[in-house]
Amino acid sequence: MVIMTHKIAVIPGDGIGIEVINEGVKVLNCVSQLDPKIQFEFTHFPWGCEFYSKTGRMMDDDGIERLSKFDGIFLGAVGYPGVPDHISLWGLLLRIRKSFDQYVNVRPVKLLKGAPCPLKEKSPKDINMIFIRENSEGEYAGSGSWLYRDKPNEVVIQDGVFSRVGCERIIRYAFELARTEKKSLTSISKGNALNYSMVFWDQIFQQLSQEYPDVETHSYLVDAAAMLMITKPERFEIVVTSNLFGDILTDLGAAIAGGMGLAAGANLNPEGNFPSMFEPIHGSAPDIAGKQLANPLATVWSASQLLEFFGYKEWAARLIDAIEYLLVEQKTLTPDLGGTAKTADVGDAVVAYLQKHFA
Ligand SMILES: NC(=O)c1ccc[n+]([C@@H]2O[C@H](COP(=O)([O-])OP(=O)(O)OC[C@H]3O[C@@H](n4cnc5c(N)ncnc54)[C@H](O)[C@@H]3O)[C@@H](O)[C@H]2O)c1
C-alpha cells in the first residue's frame, strides 16, 4: 500500500474560524482513519487578529516562506472588530493568495437536497454551477493612488489590472473544466461600461473559444447575470468572471444555495508550484463566535474540495453526500439551518455518516 502524506498548514484565524476549522480537521482525520492510504500531517498557525493585537502583524514575517513548504492550506476565517478589515484581509488572506499565485478561485453554487432555497420554484436540478473567479488581479489588484489626502481636492484612484496572461489563464482553466465536465461555459463581464478592461476580457474569451469548439459558450453582462441567477439559474453551469464580479455573484450564489453556512471556496495554484488554500467563504461572524453556533458544513465542503484537488474524487463526493444526508435528515443542523445542534455535533454527525457507510 502506497501511503500519501499531505502536509497541511491549518490557519483557524478569528471568531468562528476556530470552531469550524476544528470540524474540518476532524472530518479529514476520519477520512485518513477509514482510508489509511490518505494521511494528513496538520500544523496549526495562530495567525489572525488576536496575533495582530499582540504583535502588530497578521502573520509572522517569515510566514509565507514557512507556508511554502506545505502541500495545502486549510483556513477558517479572518477579521475581527478592533482590527480594520483592510488590514486583516491584506495582511493574511490576500497576502497568501497573491504570494502563492492562487489565481483560480473555485466556488461551487450547488443546491443540495434539503438545503433551504429562497427561490420558491427552483430545486436542486436548477441550481448547479461552478464559479471560476479570477483571483490574482483585476479590480482587487491593489493598484491605485490617494492624492491630496484630507485636502478639499482629495482624489482616490483604484485601478483594475487585467493582463493578457492573467485573463488567458483563468479563462483557459474554465474552458478546460467545461470540456472535462461536458458543460456549457458562461463568461460574465461588463464590456459596455468598462470600455478597456472588460472589452479586453470579452475579446480573450472570444479568442479562446475558437480552441474549444466542443464547449457551448454564453456571455452576459454582470447586471443581466445577477438577474438571471435569480430568475433562471438553470442557465448557468460553469461560469468564469473577474475578481470583483465573482466575489459579489458568489455571495448571491450562496444565498440561493443554502446560505453562508454552506458556501465553500478553493484558491488554487493549479500548476502546484505553490500550496493551494481551501476555506469556507463566510467571515469570522463575531455575532455568534465562541458559542458553538456556527455551521461547519461550508468548511466540510472545503475539505471536500481539498480532497478533490489531491486526486481523491471519490472521498470528495462522499463528504458532499454526508452534507446532503444531514440536510435531508434535518436532525443535526445548526441554528442558521433551523436546527439546535452545536458546531461540534454537526462535525460528529458527518464523521458518523462516513464511518457508517465507508468503514
Ligand atoms: N474569508 C474570510 O476570512 C472573510 C470573508 C468575509 C468576511 N470576513 C471578515 O469577517 C468579519 C465579519 O464579517 P461579516 O459579518 O460581514 O460576514 P460573516 O460571514 O462573518 O457573517 C455574516 C452573517 O452570516 C452569519 N454566518 C456566517 N458564517 C456562518 C456560519 N458558518 N454559520 C452560521 N452563521 C454564519 C453571521 O453570524 C452573520 O450574521 C469581518 O471582519 C470581515 O472582514 C472574512
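Just so it is clear, none of the values below were taken in a lab; they were calculated from the coordinates. Not measured: the values here are computed from a predicted model. Here the Cβ positions follow ideal geometry from the backbone for every residue, glycine too, while neighbour counts run over all protein chains shown.
See the values below:
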quantity: Placed amide H near V109: partners under 5 Å, 5+ positions off or other chain; calculated: M129, I130, F131
quantity: More than 13 Å apart - percent of Cα-Cα pairs taken over segment 54-120; calculated: 75
quantity: Amide hydrogen neighbours beyond the local backbone of S163, cut-off 5 Å, H modeled; calculated: G138
quantity: J(HN,Hα) series, segment 78-88, from Karplus relation 6.51 cos²θ - 1.76 cosθ + 1.60, nearest Hz, glycine and proline x; calculated: 10, x, 7, x, x, 10, x, 4, 5, 6, 5
quantity: All lysines inside 27 Å of K291 as judged from Cα atoms, apart from same-chain residues fewer than 8 positions distant; calculated: K26, K54, K331, K342
quantity: Kirkwood estimate for the chain, i.e. one over the average of 1/r between Cα atoms, Å; calculated: 21.1
quantity: Paramagnetic label zone (point 7 Å from Cα along Cα-to-C-beta, T180; backbone N under 12 Å) in segment 288-314; calculated: 308-313
quantity: Overall dimensions of segment 1-159 by Cα: Rg and Dmax, Å; calculated: 19.8, 70
quantity: Size of segment 117-257 as Cα extents on the principal axes (Å, biggest first); calculated: 55, 38, 23
quantity: Cα-based equivalent ellipsoid, segment 290-359: semi-axes from gyration tensor eigenvalues, Å; calculated: 21, 13, 10
quantity: Packing-based exposure ordering (other Cβ within 10 Å, fewest first) of T217, T186; calculated: T217, T186
quantity: Segment A317-F358, extension gain: residue separation times 0.36 nm, minus the distance between their alpha carbons; calculated: 13.5 nm
quantity: Fewest-first ranking of F278, F162, using other Cβ atoms within 10 Å as the exposure measure; calculated: F162, F278
quantity: Approximate spin-label separation K125-Y148, in nm, with each point projected 7 Å along Cα-to-Cβ; calculated: 6.1
quantity: Karplus-derived HN-Hα couplings along segment 110-118 (A = 6.51, B = -1.76, C = 1.60, θ = phi - 60°), whole Hz, x at Gly and Pro; calculated: 10, 7, 7, 4, x, 7, x, 9, x
quantity: Inter-centroid distance (Cα atoms) of segment 92-159 relative to segment 213-288, Å; calculated: 8
quantity: Per-residue ³J(HN,Hα) for segment 54-59, Karplus 6.51 cos²θ - 1.76 cosθ + 1.60, θ = phi - 60°, Hz, x for Gly and Pro; calculated: 8, 10, x, 9, 7, 8
quantity: Long-range HN-HN contacts of S187 with modeled amide H, under 5 Å; calculated: H218, S219, Y220, V240
quantity: Nonlocal Lys pairs with alpha-carbon distance under 26 Å, segment 112-187 (8 or more apart, or different chains); calculated: 9
